[in-house]
Amino acid sequence: MAVQILTVESQPFAENSYLVWKDGSPEAFVIDPGFEPDLIEEALAERGLKLVALVCTHGHCDHIAGNAALKQAHPEAPIVIGAGDAAMLTDANKNLSGPFGFEVLSPPADRVVGEGETLTVAGIALEVFEVPGHSPGHVVYVVRETQPVTVLGGDVLFRGGVGRTDFPGGSFEQLKAGIQRVLWPLPADAVVYPGHGPVTTIGHEKRTNPFVAD
């Protein structure tokens, strides 16, 4: 069964959430619920899908803002995040909402994941890789059963850019090393679904990205 990925962009930070499911399956999960969880609920309802997990790439507020509302509506759906960013869910200063002058709080993680694990949700296997640098515990999820390979990448690699590294716990050196270690060995046609902006491919970024191109 083909894997479907629907982009749901939420404001005010133009953050990409992704609804992911298999054709013919009633189950879906969401990557990085943003500030407009109602849009995710509408997409689920339109397709007759049941939300079975809230999967986060990292703990910054624009990527976890929808957790509370979606967890309340779907209490059986676990919140999943990398172990190194789990503390951000329940701390407005750590998730950067406090410094921006508002408070975003998420329920705590139901499951934390780390390098080398495989998370299977809605019948889809997600390989977990740690790529710190934008945030200390940032993870990316790689789906190999799709053609081409899919990268649910959060704020690691963008089309023509990389995630900011000037936030607390950030490091450009770590981020660049992680991109080269984890992403560059993937097939050139692997599709990267980033936390902001349009999709891209590993090959395109290796050739042209001014921050990390070969």
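Odds and ends about this structure:
- Boolean, Ala125 is at pLDDT 95 or above and buried (at least 20 other Cβ atoms within 10 Å of the Cβ): no
- Subset of segment 1-12 [open to solvent by less than 70 Å² (accessible area, probe 1.4 Å) and closer than 22 Å to Asn95 by Cβ]: Val8, Ser10
- Positions within segment 150-169 being in contact with a Lys or Arg (Cβ under 9 Å, 6 or more places away or on another chain), of a type outside the set (A, V, I, L, M) and open to solvent by less than 30 Å² (accessible area, probe 1.4 Å), in sequence order: Thr150, Asp155
- Total residues in segment 159-186, condition assigned to a loop (DSSP other than H, G, I, E, B) and either out of contact with any strand residue (DSSP E or B) (no Cβ under 9 Å at 6 or more places or on another chain) or closer than 14 Å to His58 by Cβ (or both): 11
Listed here are the residues, each with its yes/no results for (1) closer than 16 Å to Gly154 by Cα; (2) open to solvent by less than 10 Å² (accessible area, probe 1.4 Å).
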| residue | (1), (2) |
| --- | --- |
| Glu42 | no, no |
| Arg47 | no, no |
| Cys56 | yes, yes |
| Asp62 | yes, no |
| Lys94 | no, no |
| Glu103 | no, no |
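- Glu76 being open to solvent by 20 Å² or more (accessible area, probe 1.4 Å), charged (D, E, K, R), out of contact with any helix residue (DSSP H, G or I) (no Cβ under 8 Å at 6 or more places or on another chain) and in a loop (DSSP other than H, G, I, E, B): yes
- Residue match in segment 125-136 (condition: part of a strand (DSSP E or B), in contact with a Lys or Arg (Cβ under 8 Å, 6 or more places away or on another chain) and not basic (Lys, Arg)): yes
- Residue in segment 79-86 that is under 22 Å from Thr150 (Cβ atoms), of a type in the set (Asp, Glu) and either touching a helix residue (DSSP H, G or I) at 6+ places or on another chain (Cβ under 6 Å) or part of a helix (DSSP H, G or I) (or both) present: yes
- Residue check for Ile5: part of a helix (DSSP H, G or I), within 27 Å of Arg159 (Cβ to Cβ) and in contact with a strand residue (DSSP E or B) (Cβ under 7 Å, 6 or more places away or on another chain): no
- A single entry from Glu27, Glu15 fulfils the requirement of being touching a residue at least 60 places away in the same chain (Cβ under 8 Å), surrounded by 23 or more Cβ atoms within 10 Å (Cβ to Cβ) and among the charged types (D, E, K, R): Glu15.
The values are calculated or read from the model by the stated rules, or taken from the named source; none is laboratory data. Keep in mind that what you see is a predicted model, and the values were worked out from it rather than measured. Backbone-built Cβ (ideal geometry, glycine too); neighbour counts: all protein chains shown. What goes into the accessible areas is simple: the full protein's heavy atoms, side chains included, and nothing from ligands, DNA or RNA. Shrake-Rupley method; radii C 1.70, N 1.55, O 1.52, S 1.80 Å.
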